[in-house]
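Engineer: Before I ask anything, let me first share the structure, which is written out below as structure tokens.
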Amino acid sequence: MRKAGNMDKFFITTGRKIDEKSYKKAQQLAEKCQMPFVERDGKSLEQLKIEQQLDKILLVKKTKIVIVTAVGELFFHPNMAQLRIKKLLKKEPDNMIEAMGLKAGMTVLDCTLGFAADALVSSFISKIQVVGLETDELLSLVISDGLKNYNSGITAMDEAMRNIKVININYKDYLRQLPDDSFDIVYFDPMFRHPLQDSIHLQPLRQLADISAVDAESIVQARRVARKKVVFKENSKSREFSRLGFTKIAGGRYSNVHYGVMNI
Ligand SMILES: C[S@@+](CC[C@H](N)C(=O)[O-])C[C@H]1O[C@@H](n2cnc3c(N)ncnc32)[C@H](O)[C@@H]1O
């Protein structure tokens, strides 16, 4: 659920260097999201914020869309996934992939897309479409735009990005409408109940993300929808695993992140 009034505080503008394509894109987005479009006119973002008396910006640049918040910028970048994919290419294990038991040809429903790092790693291994759900409208817009347009220069990475289908929906609503056994793996990575101290780069995400805990009914639905496993990521010390009924835990003894696994 979007925090009340969040969207109202946004306006949309372009980067300082405008081309026709990004200018049109910004105008179309303003219409779609019903946000005020403000001409950049060479002004600084700070100046525009004061003039508009609004504190959040959707900034359409030539190569990406950026969400500018008071605590930092948020945009799609495959850097975290890229590191993990490089390790996988060297045949080093990835804790999430091990927990999922993911192999090529298996289908994944990622219920909590966020920056799409986990979805990208899943898509790289599965080699087929991964469906990613994100309840925040702006976040799903920025991330799906990045997944469509980012050019990493590595064919396999670019294919993995294009193979992620982003749906702007709450997983509670989506899971309920799916038939039984729709995906091999159903995956949750909610905002941690107790955030890790070193995750400062997630601060802009906290401005937008749905921070609610996963409810027991969603796990019941996920078990119905999954053919093989439901996987749930949390702080390794979290009580969420036992609250939601995850008894099998994966992720390395010394890791501060663990994966609860339910085999179906
Ligand atoms: C910790 S982030 C996920 C990070 C992601 N796994 C990655 O690798 O980038 C959690 C995301 O799930 C989204 N979310 C939380 N509850 C949701 C719900 N009920 N339905 C859909 N998305 C949800 C939040 O808005 C947030 O963007």
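Engineer: What do you get for the angle between helix 216-225 and the principal long axis of the chain? Use alpha-carbon atoms, 0 to 90 degrees, nearest ten.
Structural biologist: In the chain, helix 216-225 runs at an angle near 70 degrees to the longest axis.
Engineer: Which of ALA26, ALA116, ALA216 moves most in a GNM of the chain, Cα contacts under 10 Å?
Structural biologist: Its mean-square fluctuation being the largest, the pick is ALA216.
Engineer: Sticking with this one: When N is the residue count of the chain, what does its C-alpha Rg come to as a fraction of 2.2 N^0.38 Å?
Structural biologist: Output field value: 1.04.
Engineer: Among bridges DSSP assigns within the chain, what percent are antiparallel (round to 5)?
Structural biologist: 45
Engineer: Using the alpha carbons of the stretch 110-211, what is the convex hull volume per residue in cubic angstrom, as a whole number?
Structural biologist: 112
Engineer: Relative contact order for the stretch 7-62: what is it in percent, counting Cα pairs under 8 Å that are at least 6 residues apart?
Structural biologist: Once divided by the residue count of the stretch 7-62, the mean separation gives 58 percent.
Engineer: Run the simple label-point estimate for GLU159 and ASP19 please: 7 Å along Cα→C-beta, distance reported in nm.
Structural biologist: Using points 7 Å along Cα→Cβ, the separation is 2.7 nm.
Engineer: Still on this model: How much length, in nm to one decimal, is gained on full extension between SER255 and VAL220, taken as 0.36 nm per residue of separation minus their Cα-Cα distance?
Structural biologist: Roughly 9.9 nm would be gained on extension.
Engineer: Say we join alpha carbon atoms closer than 10 Å with springs in a Gaussian network model of the chain; which of GLN34, GLN47, GLN129 then has the biggest fluctuation?
Structural biologist: Among GLN34, GLN47, GLN129, the largest GNM mean-square fluctuation belongs to GLN47.
Engineer: Return one number: the angle in degrees, 0 to 90 and rounded to the nearest 10, between the long axis of the Cα atoms of helix 79-89 and the longest principal axis of the Cα atoms of the chain.
Structural biologist: Around 40 degrees separate the two axes.
Engineer: Relative contact order for the chain: what percent, with Cα pairs under 8 Å and sequence separation of 6 or more?
Structural biologist: About 17 percent, as a whole number.
Engineer: While we're on this one: Hey, how many Å between the Cα centroid of the stretch 25-42 and the Cα centroid of the stretch 53-86?
Structural biologist: 17
Engineer: Which of these, ASP145, ASP215, ASP118, has the largest mean-square fluctuation under a Gaussian network model of the chain (Cα springs below 10 Å)?
Structural biologist: Per the Cα network of the chain with a 10 Å cutoff, ASP215 tops the list.
Engineer: Between beta-carbons, use under 10 Å as the cut-off and find the net charge around ASN168, counting Lys and Arg +1, Asp and Glu -1.
Structural biologist: Net charge in that neighbourhood comes out at -3.
Engineer: Run through every distinct alpha carbon pair of the stretch 7-62 and return the Kirkwood hydrodynamic radius in angstroms, one decimal place.
Structural biologist: 11.1
The numbers here are math on the coordinates, done by the rules we state, and not lab data. Computed from a predicted model, the values in this text were never measured in an experiment. Cβ sites come from the backbone with ideal geometry, for glycine too, and all protein chains shown count toward neighbours.
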